[in-house]
Amino acid sequence: MLQHFGKYLLFMSSLFFRGESPRILFNRTMDEAILIGINSIFIVVIVSTFIGAVTSVQISYNLDNAFIPRSTIGFMVREMTILELAPTITSIVLAGKVGSSIAGGLGTMQITEQVDALEVMGINSTSYLVLPKIIAALLVFPMLVILAMFLSIGGGFVAGVLTGEISPQEYVSGIRSDFIPYNVLFALIKSVVFAFLVSSISSFKGYYTSGGALEVGRASTGAVTNSVIAILLADFVLANLLL
């Protein structure tokens, strides 16, 4: 464990030696942002909308006390979405999609000796290949989390109204009551930390792939598994430190 952690720290430190020019880094980052962010919008839309809808229906099912106002459904959907569902579930979904893609892409480049070719040309392969992925993830993950917040709350609204469990006025009243702006900042901080963990761990697993196609698959699986575990641990630590 310590050996792998030390190797990971050395890998991260190598990103900043013999870096590329700002223009190349910017262009590479924009390309990665499209691959990581734009191509992940559909899955984020589907997951967040249905999570909000299911959350609203399940809260309504358990809220059978006549003394509790129905607007509590909107309040609970908002709090659960902002504090946990949007940043954590979205990041776990992206770990499966983005993490496996990063690890598989770098692993394929490694076993086909494309990484060695970059080193022979005098290019720092980690700075050229990995650093843009990490920067792009840090940029697009918070945007996707914000999108997931709106869609999850909207999905809860649609599900609650269509099933007749709550009126539009009650739901809106619930999501507006006792709002704490810091919770949004906390969710964005979590999204940035999760973005770094997913992108760096997946890049590490892919970059040090050796062997053949079977090892590329194992690297992708390991990247997703380790990223999800890191997200859950970081979620617990951040909740204790920042709340």
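The values are calculated or read from the model by the stated rules, or taken from the named source; none is laboratory data. Please read all numbers here as calculations on a predicted model, not as lab measurements. With ideal geometry, Cβ positions are generated from the backbone for all residues, glycine too; neighbour counts draw on all protein chains shown. Areas reflect the complete protein model, heavy atoms only, side chains present, ligands, DNA and RNA absent. Shrake-Rupley method; radii C 1.70, N 1.55, O 1.52, S 1.80 Å.
If Arg218 passes every condition in (1) of a type outside the set (Val, Ile, Thr); (2) within 24 Å of Thr29 (Cβ to Cβ); (3) free of Cβ contacts under 8 Å to residues at least 60 places away in the same chain but one, which one does it miss?
(2)
Output the number of residues of the range 206-219 satisfying the condition of being in a helix (DSSP H, G or I) and closer than 20 Å to Met12 by Cβ. Break it down stepwise before answering.
So in the range 206-219, the residues in a helix (DSSP H, G or I) come out as 206-207, 213-219.
So of that shortlist, the ones also closer than 20 Å to Met12 by Cβ come out as 206-207, 219.
Of the residues in the range 206-219, 3 are in a helix (DSSP H, G or I) and closer than 20 Å to Met12 by Cβ.
Under the condition of being open to solvent by less than 60 Å² (accessible area, probe 1.4 Å) and modelled with pLDDT under 90, which residue from the range 24-35 is nearest to Glu84 (Cα to Cα)? Before you say what the answer is, go through the steps one by one.
So the first thing to find is which residues in the range 24-35 are open to solvent by less than 60 Å² (accessible area, probe 1.4 Å), and the list is 24-25, 28-29, 32-33.
Within this subset, residues satisfying the condition of being modelled with pLDDT under 90 are 24-25.
Values: Ile24: 36, Leu25: 33 Å.
Residue satisfying both the conditions and the ranking: Leu25.
State the number of residues belonging to the range 77-95 that are more than 18 Å from Ala230 (Cβ to Cβ) and surrounded by 20 or more Cβ atoms within 10 Å (Cβ to Cβ).
The qualifying residues number 6.
Which of the residues spanning the range 174-207 are open to solvent by 10 Å² or more (accessible area, probe 1.4 Å), aromatic (Phe, Trp, Tyr) and more than 15 Å from Gly99 (Cβ to Cβ)?
Phe179, Tyr182
Scan the range 110-127 and tell me whether some residue there is among the charged types (D, E, K, R), part of a helix (DSSP H, G or I) and at pLDDT 90 or above.
no
Quick check on the range 177-200. Is at least one of its residues closer than 30 Å to Met30 by Cβ, at pLDDT below 90 and among the hydroxyl-bearing types (Ser, Thr, Tyr)? I'd like the intermediate steps shown before the answer.
First, pick out the residues of the range 177-200 that are closer than 30 Å to Met30 by Cβ: 184-200.
Next, only the ones that are at pLDDT below 90 stay: none.
No, every residue in the range 177-200 fails to be closer than 30 Å to Met30 by Cβ, at pLDDT below 90 and among the hydroxyl-bearing types (Ser, Thr, Tyr).
Restricting attention to the range 1-23, and to residues there that are of a type in the set (D, E, K, R) and assigned to a helix (DSSP H, G or I), which single residue is surrounded by the most Cβ atoms within 10 Å (Cβ to Cβ)? Please lay out each step first, then the result.
Quick first cut of the range 1-23, residues of a type in the set (D, E, K, R) only: 7, 18, 20, 23.
So of that shortlist, the ones also assigned to a helix (DSSP H, G or I) come out as 7, 23.
Details: Lys7: 12, Arg23: 8.
Only one residue tops the list, namely Lys7.
Report, ordered by the first and then the second residue, all pairs with beta carbons closer than 9 Å, sequence separation of six or more or different chains, a first member in the range 9-38 that is under 14 Å from Ser127 (Cβ atoms), and a second member that is at pLDDT below 85 and among the charged types (D, E, K, R).
As it stands, the answer is Arg28/Glu20, since those pairs meet every condition given.
Being small (Gly, Ala, Ser) and open to solvent by less than 10 Å² (accessible area, probe 1.4 Å) is the filter; apply it to the range 96-138 and report the residue that is farthest from Val45 (Cα to Cα). Walk me through it before giving the result.
Start the filter on the range 96-138 by keeping residues that are small (Gly, Ala, Ser), which leaves 96, 99-101, 103-105, 107, 117, 122, 125, 127, 136-137.
Then drop every residue that is not open to solvent by less than 10 Å² (accessible area, probe 1.4 Å), which leaves 99, 103, 107, 125, 127, 136-137.
Numbers: Gly99: 18, Ala103: 24, Gly107: 29, Ser125: 34, Ser127: 32, Ala136: 20, Ala137: 18 Å.
Within the range 96-138, the match that is farthest from Val45 (Cα to Cα) is Ser125.
Is it fair to say Ser56 is touching a residue at least 12 places away in the same chain (Cβ under 8 Å), more than 26 Å from Leu233 (Cα to Cα) and either in a helix (DSSP H, G or I) or open to solvent by 20 Å² or more (accessible area, probe 1.4 Å) (or both)? Before the answer, list the steps.
Details: touching a residue at least 12 places away in the same chain (Cβ under 8 Å): yes; more than 26 Å from Leu233 (Cα to Cα): yes; either in a helix (DSSP H, G or I) or open to solvent by 20 Å² or more (accessible area, probe 1.4 Å) (or both): yes.
The answer is yes for Ser56.
Here are Arg18, Arg28: which of them is on the phi > 0 side of the Ramachandran plot and in contact with a helix residue (DSSP H, G or I) (Cβ under 7 Å, 6 or more places away or on another chain)?
Arg18
Report every pair of residues separated by at least 6 positions or lying on different chains whose Cβ atoms are under 7 Å apart, first residue within the range 146-171 and without any contact (Cβ under 8 Å) to a residue 24 or more places away in the chain, second of a type in the set (A, V, I, L, M) and surrounded by 14 or more Cβ atoms within 10 Å (Cβ to Cβ).
Filtered contacts from the range 146-171: Pro168/Val161.
Could you please give the count of residues in the range 143-163 that are in a helix (DSSP H, G or I) and open to solvent by 20 Å² or more (accessible area, probe 1.4 Å)?
11
Across the range 164-203, what is the number of residues that are farther than 20 Å from Asp235 by Cβ and part of a helix (DSSP H, G or I)?
11
Out of the range 59-73, which residues are open to solvent by 30 Å² or more (accessible area, probe 1.4 Å), free of Cβ contacts under 8 Å to residues at least 40 places away in the same chain and either in a helix (DSSP H, G or I) or not acidic (Asp, Glu) (or both)?
Listed by number, the residues that qualify are Tyr61, Asn62, Asn65, Ala66, Phe67, Ile68.
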